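I have placed the structure first, in the form of structure tokens, so that the comments after it can refer back to it.
The values are calculated or read from the model by the stated rules, or taken from the named source; none is laboratory data. Source: prediction; values computed, not measured. We place every Cβ from the backbone using ideal geometry, glycine too, and count neighbours over all the protein chains shown. Ligands, DNA and RNA are stripped out before the accessible areas are found, and what is left, the full protein with its side chains, is counted by its heavy atoms. Shrake-Rupley method; radii C 1.70, N 1.55, O 1.52, S 1.80 Å.
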Amino acid sequence: MIAAYLFLAPGFALFALVILYPITRAFQISLYHWAIAPGLPSEFIGFGNYTKALHDPVFWRGLVNSGFYMAFTVPTQIVIGLVIAVLLDAHLPARTFFRTLFYLPVVTSWVVVSLLFRYLFITEGGLFNWFLNDATHVTGHNIDWLGQRWTAMVAVGILGVWKGVGWSMIIFLAALQGVPRELKEAAAVDGAKAWARFRAVSLPAIRPVVAFVTILLVMGGFNVFISVYLMTQGGPQNATQVLLTWMYLQAFSFLDFGYGSAISFMLTLIVFALSLVQLRLFRRPSDST
Amino acid sequence: MRLSRMLVVFVLGTIVAVTAATAGARINGAQKTTTITFWNAYSSDGPEVKRLDKVIIPQFQKTHPGIVVKDVPIPYDSLHQKLVTGIAGGQLPDLVRSDIIWVPELANLGVLEPLDKTLPDFKKLAATTFAGPLATNYWKGHYYGLPLDTNTRTWNYSTTALAAAGLSGPPKTFAELKTDAAIAKAKGVYLYAEGGTSGWNLLPWIWSAGGSLTNSTYTKASGYLNSPKSVAGIQMLVDLYKAGEMPNIILGGTGGLGTYDGITQGKYVSTLDGPWMFAILGGTVKLAGTTIPAGPGGSVSVVGGEDIVMTKTSKNKAAAAEFTRFMLSPWAQNQMARAGQMTVLKNLTKQLVKIHPYYSVYLKQIATARPRTPTPKWPQIDQVLQTEIPKAFKGDETVQQALDSAAKQIDALL
């Protein structure tokens, strides 16, 4: 028994140091008018920062924007990732090449690609407007992508999907390769076509992996920060603030670390609650017995 | 045989190493080195960082043996965050070149050394500098720094784009601005581009219109920011914007064509900016500068610039004070003026125009320029301006409504 705890100890110590301690500390800070300079007294205000958030229209807008980003990027990444994974699971020529190609955006730097996408979405001379207006005349005018709330959120979402789809693809591909070949062959012998085989054999087999990918993507979606910060800076007029950019502004521009911590703590609670709901939803009927 | 040769090599090597180490220790003992760290946001786009690293610091180290200056240039947009992190972690440098608008905030946090108490020759040093920039170091009874460079915004224009717009000269008054903007629009260019609605962007128009942001003691915005004169200043820009005579980058979106790019491409004629614009764009565009078009309140611009401040946590205050004095010396100020930094020394202004002719308009403009509200809450005030005023440009509210709302929020901050 003691030996088991001893084996757990190093991992738990690391978890406590880099996860538990910061969370506890953030919660503590969120209860104060926090003075950032060491040695200065901080005023205890209880849940004052939380009440402030509930009455702050930008907090709610940030929550909706974070939710929109999550709703835009998660299903798209799952569907596109799965489609590419299925294609790459088949015996295509140059499979390794395509696998690398689709995975490449995942390993690029967020900062570099965020700035790159900002240029792609520039109103005059950006690649997207060139394609939609000048080349194909679909829109008939240049869209002010980053100057309006929803178009800017879509632009940030497109970056999120482009950068993230390779990750879900590689996990799905690994899972698909683990589906027993005999099952697929048996289904084929029974006359099942490709779609039926995928729906009835492959998909149920990779269900736990779909759950894993979904939960992680939802967490990541709510934690969107770098792309928004670099592409729109939360603007114009706070229209594209997400929870983390609003938190960052409060803490690092306005030095209100108490309020910033309250926002981040509320985000933690939201993500935690969503993860619990998803775990329950993805549980198989047989798991509950 | 082989072993004994290795032994000889080892012994000789040890002797050499020990001798070198002892000699090194003797040198260090004779000349103890003090290192001071200097955080700043000198621009590496222009010649500023190069001038500091290659000319000024080497000269200081030559004349002050035993002091090493570690220059840490940080991009302007990151410096504030870096300072905040440094404060929280107790890891600040000895000296900071701080934007003038951060000094009250930093002083209020208790991390700055009151230089009027620390430097015995503070009064003498302060007396050599302009009163306006010096005042930006004052917070609750003490001076927490000394001015390092000053600047203001003037009406800077591309002479090529001006001619292309069919205009013979820059606008001198609000009335000329309105007429010229329409002429330029007919030629397919924007006469004036402004990159946002912060205080830095719009205060020149409010002041030139005869309005103000707050009362003179900086305690109230209602009745000032939303006064008829302030409203008229913003209304003029809103009218230009609605007539399609100003680009939409004033709304603060990041997707538009920036002022520098627009001027370089000949799509914008003018913007308001500091002397660094000449250092950065001078090589690519034919630039000229003049004072901001005058309104009922005159031609009034906004003061910018940086102060040099010493941190309380500095362990090398004497050396840091020496470098501060050096940076305020006529020689160092002259050197930085060559890199586009306007001097704060009263006696050096005559030389400025010899260094770069474009300084003459800045010297004229700065005579009437005013500072932004000196308060630790300035970042929040600026955020209010950037959130509320665009509503008037977009037509969601009238200028009066937008400024009423902004004034009310700023009252709460003051």
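Brief remarks on what is shown
- Percent accessible area from carbon and sulfur atoms, the protein assembly as shown, protein chains only, probe 1.4 Å: 64
- Long pairs among B:LYS124/B:LYS317; B:LYS117/B:LYS220; B:LYS172/B:LYS286, criterion Cα-Cα beyond 26 Å: B:LYS117/B:LYS220
- A Förster distance of 56 Å, applied to the separation of the beta-carbon atoms of A:TYR50 and B:LYS354, puts the FRET efficiency at 0.40.
- For the pair A and B, total buried accessible area rounded to nearest 100 Å², probe 1.4 Å: 2000
- A simple spin-label model places the labels of A:ILE2 and A:LEU279 3.1 nm from each other, with each point 7 Å out along Cα-to-Cβ.
- The range A:163-289 gives an Rg/Rh value of 1.17, both radii derived from C-alpha positions and Rh following Kirkwood.
- Threshold 50 Å² - residues in the range A:223-251 whose accessible area is reduced by that much or more when the chain is no longer isolated, probe 1.4 Å: A:GLN237
- Efficiency of FRET between B:LYS123 and B:ASP77 - r from beta-carbon atoms, R0 35 angstrom, step 0.05: 0.50
- In nm, spacing of pseudo-spin labels at A:VAL83 and A:ILE226 (7 Å Cα→C-beta vector): 2.7
- Accessible surface calculations at 1.4 Å, restricted to protein heavy atoms, place the protein assembly as shown at 47 Å² per residue.
- Centre-to-centre, using Cα atoms only, the range A:50-70 and the range B:123-174 are separated by 39 Å.
- Among the residues of the range B:62-84, those with an accessible-area drop of 20 Å² or more from chain alone to full protein complex, heavy atoms and 1.4 Å probe, are B:HIS80, B:GLN81, B:VAL84.
- Estimated at the nearest 10 Å², the accessible area of A:PHE98 is 80 Å² with a 1.4 Å probe.
- Inverse mean reciprocal Cα-Cα distance (Kirkwood Rh) of the protein assembly as shown, Å: 29.4
- Note on A:VAL201: accessible area approximately 20 square angstrom, rounded to 10, probe 1.4 Å, nucleic acids and ligands left out.
- In the protein assembly as shown, the DSSP beta bridges split such that about 70 percent are antiparallel, to the nearest 5.
- Between B:SER216 and B:LEU363, the contour length at 0.36 nm per residue exceeds the alpha carbon distance by 50.5 nm.
- Using only alpha carbons, the range A:131-194 has a radius of gyration to Kirkwood radius ratio (Rg to Rh) of 1.32.
- Charge sum, other residues only, whose C-beta stays under 15 Å from A:ALA53's C-beta, Lys/Arg counted +1 and Asp/Glu -1: 0
- Estimated distance in nm for a label pair at A:PHE131 and A:ARG199, the labels positioned 7 Å out from Cα along Cα-to-Cβ: 3.1
- Relative intensity, log₁₀ I(q)/I(0), of the range B:233-296 from a Debye sum that treats every alpha carbon as a point, q = 0.20 Å⁻¹: -0.95
- Overall, chain B carries a charge dipole of about 1320 debye about its Cα centre when +1 sits on the Cβ of Lys and Arg and -1 on the Cβ of Asp and Glu, all other atoms neutral.
- Euclidean distance of C-alpha centroids, the range B:197-211 and the range A:115-187, integer Å: 41
- Using a probe of 1.4 Å, the accessible surface attributed to A:HIS55 totals some 140 Å² when neighbouring protein chains are kept in position.
- Where both bridge residues fall in chain B, DSSP classifies roughly 65% of the beta bridges as antiparallel.
- Magnitude of the charge dipole, the range A:1-141, Cβ model with Lys/Arg +1 and Asp/Glu -1, debye to 20: 220
- Other protein chain C-beta atoms within 10 Å of residue C-beta, averaged over B:253-265: 5.
- Once Rg and the Kirkwood radius are both taken over the C-alpha atoms of the range A:95-253, their ratio Rg/Rh works out to 1.10.
- Taking the centroid of alpha carbons for each part, the range B:327-342 and the range A:211-275 are 43 Å apart.
- Positive-end ranking of B:ALA41, A:VAL58, B:TRP331 along the dipole of the protein assembly as shown, with charges on Cβ about the Cα centre, is headed by B:TRP331.
- Net lengthening on full extension, A:TYR103/A:TRP150 (0.36 nm per residue, minus Cα-Cα): 14.1 nm
- Listed peptides B:269-275, B:134-140, B:233-239 appear in the order B:269-275, B:233-239, B:134-140 once ranked by packing, highest mean of other Cβ atoms within 10 Å at the front.
- Peptide A:33-40 is shielded by partner chain Cβ atoms: per residue, an average of 4 of them sit within 10 Å of its Cβ.
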